[in-house]
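The values are calculated or read from the model by the stated rules, or taken from the named source; none is laboratory data. What you see is a predicted model; the values in this text were computed from it and never measured. Don't worry about glycine lacking a Cβ; one is built from the backbone with ideal geometry, like all the others, and counts go over all protein chains shown. Protein only, heavy atoms only, side chains kept; ligands, DNA and RNA dropped before computing areas. Shrake-Rupley method; radii C 1.70, N 1.55, O 1.52, S 1.80 Å.
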Amino acid sequence: MNKAAQKFNLKPKNGLKYLTDKGYLPKEPKEAMLKGICKFLKGTPALSATKIGEFLGGDAELNRDALSWYIDEMDFTSRDLSFVDALKLLLQGFRIPGEGQIVDRIMEKFGEKLSRDRPEEFGNAEGIYLIAYATLMLQTSIHNP
């Protein structure tokens, strides 16, 4: 796995290709491949948090599908989990690059998942998305004046 992590940290696509070529990551069915990718992303400490964020925020179909799978595996159903805690839980596994489109894709998916898990408390996905996006942008502007 260290070799795959090294390749991923240089170029995520190459790390995933290495895993597929070595038989660690199935090509089919797609659900098995996505599950394997998320297991690799969440369970490989040597991966760069920034590279994970770049991969999950990518616009290609595989990236979008992996982001959906990654976030859908998260459990935000606990009543003790505040909005901020849910956002922290999401972000503990990767770092979101500063590009607005990447932040947009990730926060949109986060909003969908949180609204599905706790609709009575957090309302609709669009409202959660707006608050999460604004929170991240505010945090970024505070730390990078």
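Points to keep in mind about this one:
- Where helices (runs of 4 or more DSSP H) fall wholly inside the stretch 1-107, the ranges with 3 or more residues that are within 16 Å of the chain's Cα centre (by Cα) and not aliphatic (A, V, I, L, M) are 30-43, 49-56, 61-72.
- The stretch 1-12 - residue that is in contact (Cβ under 8 Å) with a residue 12 or more places away in the chain and surrounded by 14 or more Cβ atoms within 10 Å (Cβ to Cβ) and, of those, farthest from ILE96 (Cα to Cα): MET1
- Taking the stretch 67-109 as the range and being among the polar types (S, T, N, Q) and closer than 21 Å to PRO45 by Cβ as the test, only GLN92 passes.
- Screening MET107 against (1) over 19 Å from ASP75 (Cα atoms); (2) touching a Phe, Trp or Tyr at 6+ places or on another chain (Cβ under 6 Å); (3) not small (Gly, Ala, Ser) leaves a single unmet condition, (1).
- Note on the stretch 85-119: residues that are among the polar types (S, T, N, Q) and more than 17 Å from ILE52 (Cα to Cα) total 1.
- Residue tally, condition of a type outside the set (Phe, Trp, Tyr) and either touching a His at 6+ places or on another chain (Cβ under 9 Å) or surrounded by 18 or more Cβ atoms within 10 Å (Cβ to Cβ) (or both), over the stretch 94-107: 6
- Of all positions in the stretch 77-91, at least one carries a residue that is modelled with pLDDT under 95, in contact with an Asp or Glu (Cβ under 7 Å, 6 or more places away or on another chain) and closer than 21 Å to PHE122 by Cα.
Residues are listed down the side, and each one gets a yes or a no for (1) out of contact with any Ser or Thr (no Cβ under 6 Å at 6 or more places or on another chain); (2) of a type outside the set (D, E, K, R); (3) surrounded by 17 or more Cβ atoms within 10 Å (Cβ to Cβ):
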| site | (1), (2), (3) |
| --- | --- |
| CYS38 | yes, yes, yes |
| LYS42 | yes, no, no |
| ALA46 | yes, yes, no |
| TRP69 | yes, yes, yes |
| SER78 | yes, yes, no |
| LEU81 | yes, yes, yes |
| LYS88 | yes, no, no |
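- Candidates are the residues of the stretch 108-123 that are of a type in the set (Lys, Arg) and in a helix (DSSP H, G or I); the one that is most open to solvent (accessible area, probe 1.4 Å) is ARG116.
- Scanning the stretch 88-111 for residues that are touching a residue at least 40 places away in the same chain (Cβ under 8 Å) and not small (Gly, Ala, Ser) yields PHE94, ARG95, ILE96, PRO97, GLU99, GLN101, ILE102, VAL103, ARG105, ILE106, LYS109.
- Search result, residues across the stretch 18-30 that are open to solvent by 100 Å² or more (accessible area, probe 1.4 Å) and within 14 Å of LEU41 (Cα to Cα): TYR24
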